[in-house]
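Have a look at the structure below, then the notes.
Just so it is clear, none of the values below were taken in a lab; they were calculated from the coordinates. The structure displayed is predicted, hence computed values, not measured ones. Glycine gets a Cβ as well: all are built from the backbone with ideal geometry, and neighbour counts include every protein chain shown.
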Amino acid sequence: MVKVMWGSSLALAVALLLVTVANIPVAEGVTCSPTELTSCSPAFMSASPPSATCCAKLREQKPCLCGYLRNPTLSQYVNSPNAKKVASSCNVATPKC
C-alpha cells in the first residue's frame, strides 16, 4: 500500500513539474515542452516498457533533450536510469550536449 502511494505521489510530482516548466522553442520547428512526454511517465517511474505513443513523443522531442538536461529541475528525470532505459527502448540516442 505504501509503495503504491509513493509511486502515485512521485507520478503526481513529475506531472506537476512537467506542467509548470515553460516551453522552450527550438530552431528546428519543435516546441520544447516536457508536458509532451507525459505519456512516458509510467515507463519513467517503473520498469514497464514505453508505449508507442511515448516513443513517438520522445523522438519528436529529441531536439529538446539537451535543454532538458541543462535544466536543473528536469535533468534529474532525464538522467534517471529508467529514462535512459526508455530512450534505449525507443531507439533514441542520448545526446552529447
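Decide, for the stretch 40-85, between rounded, prolate and oblate: order the square roots of the alpha carbon gyration tensor eigenvalues as a ≥ b ≥ c, take rounded if a/c falls under 1.5, and otherwise choose prolate if a/b is larger than b/c, else oblate. Oblate, because a/c is 1.5 or more while a/b does not exceed b/c. Model label points for CYS66 and SER80, set 7 angstrom from Cα along the Cα-to-Cβ axis, are 2.5 nm apart. Qualifying trypsin sites (Lys or Arg not before Pro) in the stretch 48-97, where qualification requires a DSSP coil assignment and no more than 11 other C-beta atoms within 10 Å, comprise LYS96.
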